[in-house]
Amino acid sequence: MYLARVPAPVKPFFRELVWEMPGEGRQVYLTFDDGPVPDDTPWVLDTLGAHGVKATFFCVGRNAEAHPDILDRIRAGGHSVGNHTWDHLDGWRTPTTTYLRDVLRCQALSGTDLFRPPYGRISRRQARALLPRFRVVMWDVLSGDFDKTIDGERCLHNVRRHVRPGSIVVFHDSLKARDRLRHALPGVLRWLASEGYACAALPQERAGLKA
């Protein structure tokens, strides 16, 4: 079960996490989780490039290690890179020490101060350990492209209905999301442009961390 838009009452309970980017005018932040992977991430990069858009890619460490050329292309294109753990771990089901080691292993490749917990699941203890070194980035809007029970048109609707200035929007550059993403993303980009929105990558700082 998930909601396409994070309910407003949730955010004050987790003020230390980044849910949106206020004060940036009509600007939104598209993010892509789970890559880099062949076919899907290059397609996303081509599509963003065709629209002159920058975005943020929360990379799984094992995928970044397997496809360094795609990671290099993300960076060369002026996009931001975030840490998404090495093995796409569920923080609610993973001991804190194991989880933090996995994050640090990914950090050797991502080298960023941006972190997003897979599934959005992170314990308070894990968050407290990471916050001195990372901005833990959640989201404002879920496209739902990971959901096999809906289609790409529904994903497009989810974004169009819920996005607002400062929104952080989640997509996935993955095989699982491919069909829905390839329908929704071009439509989202066209709609955002027609509504006067600009898309930007999340600002990042280099953060080379050691275990």
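The values are calculated or read from the model by the stated rules, or taken from the named source; none is laboratory data. Since the model is a prediction, treat every value here as computed from it, not as a measurement. Here the Cβ positions follow ideal geometry from the backbone for every residue, glycine too, while neighbour counts run over all protein chains shown. We work out accessible area using only protein heavy atoms, side chains counted, and drop any ligands, DNA or RNA first. Shrake-Rupley method; radii C 1.70, N 1.55, O 1.52, S 1.80 Å.
General observations
- Between helix 178-194 and the chain: long-axis angle, C-alpha atoms, 0 to 90°, nearest 10: 60
- Taking the 1.4 Å solvent-accessible surface of region 49-186 as the whole, the part contributed by carbon and sulfur is 48%.
- For region 8-88, a crude dipole built from +1 on the beta carbon of Lys and Arg and -1 on the beta carbon of Asp and Glu, taken about the Cα centre, is about 380 debye to the nearest 20.
- With θ taken as phi - 60° and the Karplus curve 6.51 cos²θ - 1.76 cosθ + 1.60 applied, the whole-hertz 3J(HN,Hα) list for region 65-81 is 5, 6, 9, x, 5, 6, 4, 4, 5, 4, 5, 5, x, x, 8, 8, 10 Hz, x standing for glycine and proline.
- Relative pair counts by distance (%), Cα atoms of region 13-80, 10 Å bins: 18, 47, 26, 9
- The distance from the alpha carbon centre of region 138-156 to that of region 1-34 is 15 Å, rounded to a whole number.
- A Cβ-based charge dipole, computed about the Cα centre of region 15-160 with Lys and Arg at +1 and Asp and Glu at -1, lands at about 740 debye.
- Cα long-axis angle, helix 40-50 against the chain (0 to 90 degrees, to the nearest 10): 50
- Principal semi-axes of the equivalent ellipsoid, √(5λ) from the alpha carbon gyration tensor of region 129-211, are 27, 17, 11 Å from largest down.
- Among Ala193, Thr94, Val60 the positive-end extreme of the charge dipole of the chain (Cβ point charges): Thr94
- The chain - Rg (one decimal) and Dmax (whole number), Cα, Å: 15.9, 47
- Scattering from region 70-163 was approximated by placing one identical point on each alpha carbon and applying the Debye formula without solvent; log10 I(q)/I(0) at 0.12, 0.20, 0.22 1/Å stands at -0.47, -1.03, -1.09.
- Along the axis of the charge dipole computed for the chain (Cβ charges of +1 for Lys and Arg, -1 for Asp and Glu, origin at the Cα centre), the listed residues Gly25, Phe171, Gly152 are led at the positive end by Gly25.
- Solvent-accessible heavy-atom area per residue, rounded to whole Å², over region 1-80 at 1.4 Å: 48
- Nearest 10 degrees, 0 to 90: helix 152-162 Cα axis against the chain principal axis: 80
- Given +1 at the Cβ of Lys and Arg, -1 at the Cβ of Asp and Glu and no other charges, the dipole of region 89-184 around its Cα centre is 320 debye to the nearest 20.
- The antiparallel fraction among DSSP beta bridges confined to the chain stands at about 15%.
- Taking the helices alone, the chain has a mean residue ellipticity at 222 nm of -11000 deg cm²/dmol, built from -39,500 (n - 2.57) per DSSP H run of at least 4 residues and averaged over all its residues.
- Heavy-atom surface of region 113-211, accessible at 1.4 Å and reported per residue (Å²): 48
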